Number of protein chains: 2
Amino acid sequence: MIVLIPFKTSNPKSRLSKLLNEDERREFAYEMLLDVIDAIGDLAKVKVVSPEPLDLDVEVIKDSRGLDECINDRLKIVPRAIIMSDLPLLNKEVLERFFSQPGDVVIAPGRKGGTNMLLVRKTGFRVSYHYGSFLKHIRISKELGYSYKIFDSFFASVDVDDESDILELMIHGKGKRSWKFLRNLGFDVEFARTPRLIIPSN
Amino acid sequence: MIVLIPFKTSNPKSRLSKLLNEDERREFAYEMLLDVIDAIGDLAKVKVVSPEPLDLDVEVIKDSRGLDECINDRLKIVPRAIIMSDLPLLNKEVLERFFSQPGDVVIAPGRKGGTNMLLVRKTGFRVSYHYGSFLKHIRISKELGYSYKIFDSFFASVDVDDESDILELMIHGKGKRSWKFLRNLGFDVEFARTPRLIIPSN
């Protein structure tokens with residue numbers, strides 16, 4: 001199995017700009033990418049697709065095109081999995097379960113209608129990542145007459161975009177590189193009434 | 001297997017009070033409870049624990065005590081599962097997987113550190129549902145020397161508390177009773193840029 005991980009380096013995680021400055025966000029995004037690569041381990045061969053060169057132990061493919069174009073061009077050969085780089089709660093058990101799901105297409109939903117992981121086993125499938133991609137990917141599968149499976153995973157559903165996702169990382173991500181990065185900056189969780197994210201003061 | 005579902009009838013789902021009036025919230029909570037009972041089907045025997053009588057096809061146990069006391073008193077006999085009543089995205093496949101997990105204790109996390117489903121197979125375990133129960137239930141298991149398993153499920157993680165959870169129900173819950181209830185009120189999802197919840201105007 002080959003896993004494609006798209007990774008954007010310019011102004012990453014802009015919705016976290018109230019919590020982290022641009023350098024921190026860049027480093028944080030990189031640590032999450034490393035967490036995803038660590039979780040995949042030797043379950044699959046990883047290829048990171050990025051507009052810029054990256055210092056990684058896995059193959060990096062330079063591609064400056066938009067996300068959909070980037071991925072669709074690489075779905076001429078199957079099977080291929082596409083895993084987002086901001087899923088630090090992934091682990092080996094989740095991914096083993098994901099890779100062993102039946103179906104021509106396997107779709108792991110994120111919150112707010114996104115597609116966090118995708119497994120494509122037949123050529124002809126085209127991704128469309130924006131504007132509610134989860135339901136679109138189901139519709140595309142149906143239109144092609146391809147069988148699809150919804151992959152039910154909480155850890156795969158947490159793509160870290162905003163403050164509420166950081167809270168999930170701090171609760172569930174102990175020991176992860178991205179968790180350590182935030183802990184070193186002073187982030188933590190306080191269980192007062194409901195868990196409250198502790199944000200370091202400057 | 002016996003599943004306990006705690007259900008509170010007074011002022012339910014108060015965090016949805018901007019979207020639904022009290023009668024609507026009471027009806028919505030009831031529809032979600034029915035969705036959970038439907039999802040369990042004949043996989044287990046359901047007992048709803050509530051301070052007030054309820055018109056249901058399953059056994060209703062009257063108990064006016066607080067949640068922890070209610071449940072702990074019923075963990076003298078095991079195995080017991082405790083499933084929250086606001087998990088409308090549950091389905092048979094999720095629950096079959098849940099019931100077949102190994103471990104003295106199985107814990108399904110909700111967002112924000114909650115425990116949405118719990119399966120207890122040894123006596124002596126005590127629940128503590130408030131203030132970050134997920135990590136507390138792990139700690140309690142460890143202190144007792146009990147093995148525990150974290151159950152990884154997106155559908156079990158969505159307890160409908162606030163507007164963002166309603167969005168998940170409208171995306172993933174097509175055909176559910178609670179989904180139909182909201183659709184009949186005018187709720188829907190619009191995939192403009194990111195999915196936006198459509199709230200009926202009064």
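Rule-based calculations on the coordinates, nothing more; no lab input. Model, not experiment: these values are computed from the prediction. Cβ: placed from backbone, ideal geometry, glycine included. Neighbour counts: every protein chain shown.
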Label-point gap, in nm, between B:THR9 and B:ILE61 - each point 7 angstrom along Cα→Cβ: 1.8
DSSP bridge orientation in chain A - percent antiparallel, rounded to nearest 5: 45
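Taking a ≥ b ≥ c as the square roots of the Cα gyration tensor eigenvalues, with a/c under 1.5 meaning rounded and otherwise prolate when a/b beats b/c, else oblate, which class fits segment B:99-202?
Values: a/c = 3.09, a/b = 2.70, b/c = 1.14.
It comes out prolate by the Cα gyration axes.
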Hits among lysines - C-alpha to C-alpha of A:LYS47 under 17 Å, sequence gap 8 or more where chains match: A:LYS8, A:LYS62, A:LYS76
Segment A:1-15 and segment B:48-101: distance between their alpha carbon centers, rounded to Å: 41
Overall dimensions of segment B:2-161 as given by Cα atoms, namely Rg and Dmax in Å: 14.9, 46
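When only Cα pairs under 8 Å and 6 or more residues apart are kept, what is the percent relative contact order across segment A:25-146? All intermediate terms of the calculation are to be shown ahead of the outcome.
Numbers: 163 pairs, mean separation 29.2, N = 122.
Rounded, it is 24 percent for segment A:25-146.
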Label geometry 7 Å along the beta-carbon vector: A:SER164 inter-copy distances in nm: 0.3
Residue mean of other protein chain beta carbons inside 10 Å, A:127-139: 2
Gaussian network model of chain A, springs between alpha carbon atoms under 10 Å - residue of A:LEU67, A:LEU144, A:LEU167 with greatest fluctuation: A:LEU144
Peptide B:162-174, shielding by other chains (average Cβ, 10 Å cutoff): 2
For the B-to-A rotation axis, chain B residue with nearest beta carbon and its distance in angstrom: B:PHE154, 3
Inter-copy separations for B:ASP63, label at 7 Å along Cα-Cβ, nm, ascending: 5.4
Alpha carbon convex hull of the protein assembly as shown, projected area averaged over orientations, nm²: 20.3
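Please say if segment A:7-97 is rounded, prolate or oblate, where rounded means a/c under 1.5 for a ≥ b ≥ c the square roots of the C-alpha gyration tensor eigenvalues, and otherwise the choice is prolate for a/b larger than b/c and oblate otherwise? Don't skip to the end; give the middle numbers.
Values: a/c = 1.91, a/b = 1.25, b/c = 1.52.
Because a/c hits 1.5 or more and a/b fails to exceed b/c, segment A:7-97 counts as oblate.
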Partner chain coverage, peptide A:113-119 - average Cβ within 10 angstrom: 2
Label-point separation, B:ILE77 to B:GLU163 (7 Å along Cα→Cβ), nm: 4.6
Placed amide H near A:VAL189: partners under 5 Å, 5+ positions off or other chain: A:ILE198
Other-copy label distances relative to B:ALA44, 7 angstrom Cα-Cβ extension, nm: 3.2
Derived scalar couplings ³J(HN,Hα) [segment B:54-65; Karplus, 6.51 cos²θ - 1.76 cosθ + 1.60; whole Hz; x for Gly, Pro]: 9, 8, 9, 7, 10, 5, 10, 9, 7, 7, 9, 6
Peptides B:185-192, B:31-38, A:126-133, B:117-124 ordered by average Cβ neighbours within 10 Å, highest first: B:31-38, B:117-124, A:126-133, B:185-192
